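Accompanying notes for the structure given below.
The values are calculated or read from the model by the stated rules, or taken from the named source; none is laboratory data. Predicted model only: the values in this text are computed from it and were never measured. Positions of Cβ are generated from backbone atoms using ideal geometry, with glycine treated the same way; all protein chains shown enter the neighbour counts.
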Amino acid sequence: FSVPPAGPPISGFSMTSSYDITKGHAGRAPQTPLMPSYTALPVTGALASPLSQPVPLPASPSASGSSITFPEDHGDPQSIGVHNEASAGGLWGFIKGVAGNPVVKSVLDKTKHSVETMITTLDPGMAPYIKSGGELDIVVTSLKEIKVAAVRQAFQDVFGMATVTGEDGHSNIAPQPVGYAAGLKGAQERLDGLRRTGVIHQKQPAVSVESFIAELLPDKWFDISCLILEDPVHGIHLESFTQATPIPLEYIQQAQSLTPADYNLRWSGLLVTVGEVVARNMPHVSRPDWHAVFTGMSRQQMIYSTAKAIAGMYKQRLPQRTI
């Protein structure tokens, strides 16, 4: 039998055709190989191989001398891209125009608030990060998280967004201040010390918290915290106090007995704090937050309530353009 041809014939198309092979490809050469049309020669013999059978190919729709077919020109894709960009720009301009509408803005604000509420409900720890920022920047004169977190939450609840951080402030009074005057002095000294040493700017708004004890009734002692807000730029100075937490008289007597009679800061208070005495008598109670055991309300909650009141008064006194 005959041997199949070694390759396809090359006489089925014209090499001198003037047809532009880049037509319909945006100036680029076609990506498929140029395959001519041909007819395989019949193979005679009893043992004809299936591979040698003629393979019918579709006839060329073109009536020209060339058997090569090309896709129709549907336009330059580059021009289509420019048109799409123009359309997208117009749509974006439309969206920006609609967003400026007060009604639409109100809907967007409500949606944003709903999303933030959902996030903070699922993960309360995200609230300080979501609400941090804005124009309001407050420094708390302490690094204790109980104080910083309470003030931060209060100002963010009142102003919507606020950046609240803590700095380690110190006072020159006894560790356990006694009386309202000592509490006020301790809070003010924390503020003044941070400004004097340059830790915070002279014009930096700041909040200071100082705890003290006071005998409000005969043999009835209470723990109270004093909060001071100071904004030198706007000339705002606010003071307030937390609710009073009753303290068992025996704890006060122990703190007094542990303070030497010649203690040089005895004029301002005691050497041993009430928290230290409570920790000695009740080892299972947290020293920084023994208030929750006595009242069912944590110290952070107490500071938060007063800080929120101060934030509200502060907002009322600020010029409207700065809020």
Subject >> Some residue of region 258-268 being closer than 15 Å to residue 214 by Cα and either part of a helix (DSSP H, G or I) or among the basic types (Lys, Arg) (or both) >> reply: yes
Subject >> Residue among 182, 244, 206 that is aliphatic (A, V, I, L, M) and over 23 Å from residue 139 (Cα atoms) >> reply: 244
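How many of the residues in region 225-257 are in a loop (DSSP other than H, G, I, E, B) and exposed (fewer than 14 other Cβ atoms within 10 Å of the Cβ)? Spell out how you get there, then give the answer.
Narrowing region 225-257 to residues in a loop (DSSP other than H, G, I, E, B): 232-235, 242-244, 248.
Add one more test, that the residue is exposed (fewer than 14 other Cβ atoms within 10 Å of the Cβ), and what stays is 233-235.
Selection size over region 225-257: 3.
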Original post:
Among 127, 174, 181, 149, which is modelled with pLDDT of 95 or more, small (Gly, Ala, Ser) and in contact with a Ser or Thr (Cβ under 6 Å, 6 or more places away or on another chain)?
Top reply: 174
**OP:** Might you let me know whether region 170-193 holds any residue that is farther than 26 Å from residue 287 by Cα, in a loop (DSSP other than H, G, I, E, B) and within 32 Å of the chain's Cα centre (by Cα)?
**Re:** no
**OP:** Please tell me if residue 273 is of a type in the set (Val, Ile, Thr) and touching a His at 6+ places or on another chain (Cβ under 7 Å).
**Re:** no
Original post:
Would you pick out the residues in region 192-213 that are closer than 25 Å to residue 294 by Cβ and touching a Pro at 6+ places or on another chain (Cβ under 9 Å)?
Top reply: 210, 211, 212, 213
Subject >> Neighbours by Cβ (under 7 Å, 6+ apart or cross-chain): first from region 266-283, within 19 Å of residue 298 (Cα to Cα); second buried (at least 22 other Cβ atoms within 10 Å of the Cβ) and at pLDDT below 95 >> reply: 275/290; 278/290
Original post:
What are the residues in region 154-169 that are in contact with a Ser or Thr (Cβ under 8 Å, 6 or more places away or on another chain), in a loop (DSSP other than H, G, I, E, B) and among the small types (Gly, Ala, Ser), if any?
Top reply: 162, 169
**OP:** Take region 270-296 and flag every residue that is among the aliphatic types (A, V, I, L, M), assigned to a loop (DSSP other than H, G, I, E, B) and in contact with a Ser or Thr (Cβ under 8 Å, 6 or more places away or on another chain).
**Re:** 271, 272
**OP:** Can you tell me which residue among 299, 321, 287 is modelled with pLDDT under 95 and under 29 Å from the mean Cα position of the chain (by Cα)?
**Re:** 321
Subject >> Residue that is surrounded by fewer than 15 Cβ atoms within 10 Å (Cβ to Cβ) and either within 28 Å of residue 312 (Cα to Cα) or without any contact (Cβ under 8 Å) to a residue 24 or more places away in the chain (or both), where the choices are 220, 203 >> reply: 203
**OP:** Go through 176, 153 for me and flag whichever is in contact (Cβ under 8 Å) with a residue 12 or more places away in the chain and more than 30 Å from residue 258 (Cβ to Cβ).
**Re:** 153
Original post:
Quick one: would you say residue 303 is touching a Ser or Thr at 6+ places or on another chain (Cβ under 8 Å), farther than 21 Å from residue 214 by Cα and in a helix (DSSP H, G or I)?
Top reply: no
**OP:** Report yes if some residue within region 199-217 is at pLDDT 95 or above, small (Gly, Ala, Ser) and assigned to a loop (DSSP other than H, G, I, E, B); otherwise report no.
**Re:** no
